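Each reported figure results from applying straightforward, stated rules to the coordinates on display, with no laboratory input. Just so it is clear, the structure is predicted and the values come from calculations on it, not from any experiment. Positions of Cβ are backbone-derived with ideal geometry, glycine not excepted, and every protein chain shown enters the neighbour counts.
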Amino acid sequence: MKEYYLFTFDSTHYAIKAQKLLSDLDPVTMPTLREISASCGISLKVRPEQMGAAKTRMEEQGEGWSLYHIFQSGKEIRCEWIEGETPK
């Protein structure tokens, strides 16, 4: 089973800003998962061991993002909303 965290964004502007903010943590830019419908379509994937630093920086950045904990086993994906904009 794979486990990672996913930041989603209200706009492409927020996504690009976050990518620069987290660049030293090597986030992976990816399309937002179909299971998560509310976002601009761009997400940042962060490894569990980088989550603490990433979340702290994103909280300092302010609004415009949501955070999900993702569990993937084969083709099955489970998304747990953690914080940020309430999922629709």
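Ignoring the sites themselves, the chain has its longest run without GluC sites (Glu not before Pro) in a DSSP loop having at most 13 other Cβ atoms within 10 Å at 1-34. Computed across the chain, the Kirkwood hydrodynamic radius from all distinct Cα-Cα pairs reaches 12.8 Å.
How much net charge surrounds Ala54 when only other residues with a Cβ under 15 Å from its Cβ are counted (Lys, Arg +1; Asp, Glu -1)?
-1
Can you show me the helix-derived [θ] at 222 nm for the chain, built from DSSP H runs with n ≥ 4 at -39,500 (n - 2.57) apiece and divided by the number of residues, rounded to the nearest 500.
The helix contribution divided over the chain gives -7000 deg cm²/dmol.
Which links in Lys45/Lys75; Lys20/Lys75; Lys17/Lys75 stretch past 22 Å when you go from one Cα to the other? Over 22 Å apart, Cα to Cα: Lys20/Lys75; Lys17/Lys75.
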